[in-house]
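Encoded as structure tokens, the structure appears first; notes follow it.
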Amino acid sequence: MGFGDGATAEGDVSEALLFAATTKAPLVFFCQNNQWAISSPVSAQTVVPLYLRGTGFGVPGIQVDGNDVLACYAVTAKHMDDARNGLGPSLIEALTYRVGAHTTSDDPTKYRPAEELEYWKARDPLTRFEKFLRRQGVGDDFFEEVAIAGDQLAEQIRAETFAMPNPPLENIFKHVYTDPHPLVAEQQAWLEGYEASFEEGEAK
């Protein structure tokens, strides 16, 4: 189950840890700690490393360099095997960094030190992994092929996504509650009427 550092300040994560521990669920909690929850630093969310948050629930945790591809793979594979073999849940905290803005309306320069950003940019996981592969003898041709394949895949995904039909409007109201709820029915009726007003040229 994946989540970010900001989510650990919400009750859902604690409840999930408790439930997983008491049922010995075959579950790996993977926390991507990118240091910032929108504009809140991780220091405002916890006073202990996040991988220790499961300790009180009986969920063992481990911290890994989230910018090290091979380390993340090794740790995740090990804990997935443990879960499959009946050893119960575990928590992985991957230390990384959100280099970009949180949203298109976010300006991280207002709250994030420039030197912090540069520190983490120098530890970019793709750059580090490329350097590792080059030390293993991988040449330029491979990286050029990967770049081309990546661009082609991205273009294919974009094209297929834009070609997808819009899902039925009523789908957003399904599975909200087990049984029908009058408030949900009221909201659905309003939205359907609003959408229909566009077709009639009388948008309200």
Test of the criteria: in the stretch 44-114, which chymotrypsin sites (Phe, Trp or Tyr not before Pro) are in a DSSP loop and have at most 12 other Cβ atoms within 10 angstrom of their Cβ? TYR111
Anchor LYS174: lysines whose Cα lies under 30 Å away (excluding residues fewer than 8 positions away in-chain): LYS204
The stretch 157-187 to the stretch 23-78: how many Å between their Cα centroids? 33
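Run lengths n ≥ 4 of DSSP H only: what is the helix-derived mean residue ellipticity at 222 nm for the chain, with -39500 (n - 2.57) per run over all residues, to the nearest 500?
-14500 deg cm²/dmol
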List the aspartates and glutamates whose alpha-carbon lies under 18 Å from that of LYS110, not counting same-chain residues fewer than 8 positions away? GLU118
For a quick check, take a GNM of the chain with Cα springs below 10 Å and name the residue from THR103, THR23, THR178 with the largest mean-square fluctuation. THR178
Along its three principal axes, how long is the stretch 30-98 when you only count alpha carbons? Whole Å, largest extent first please. 39, 29, 15
Counting alpha carbon pairs within less than 8 Å and at least 6 residues apart, what relative contact order, in whole percent, applies to the chain? 18
Straight-line reach from LYS131: which lysines have a Cα under 26 Å away, not including same-chain ones fewer than 8 places off? LYS78, LYS121
The long-range amide H neighbours of GLN63, using H built 1.01 Å from N in the peptide plane and a cut-off of under 5 Å, are GLU93
With equal scatterers on the alpha carbons only and no solvent term, can you work out the Debye log10 of I(q)/I(0) for the stretch 2-123 at 0.14, 0.23 1/Å? -0.63, -1.31
Scan the stretch 123-204 for chymotrypsin sites (Phe, Trp or Tyr not before Pro) in coil per DSSP, keeping those whose Cβ has at most 15 other Cβ atoms within 10 Å, and list them by number. TYR177
Please compute the Kirkwood hydrodynamic radius over the chain, one decimal place, Å, based on all pairs of different Cα atoms. 21.2
Which one of ALA16, ALA189, ALA71 has the biggest mean-square fluctuation once the chain is modelled by GNM with Cα springs under 10 Å? ALA189
For GLN188, placing the label point 7 angstrom along Cα-to-beta-carbon and taking the stretch 133-174, residues whose amide nitrogen sits under 18 Å are 167-174
Inter-label distance for PHE3 and PHE143, nm, one decimal - labels placed 7 Å from Cα along Cα-to-Cβ: 3.8
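Readers should treat all values here as calculations from the given coordinates under stated rules, not as data from a laboratory. Quick caveat: nothing in here was measured; it's all calculated off a predicted structure. In this analysis, Cβ positions are derived from the backbone assuming ideal geometry, glycine residues included, and neighbour counts consider all displayed protein chains.
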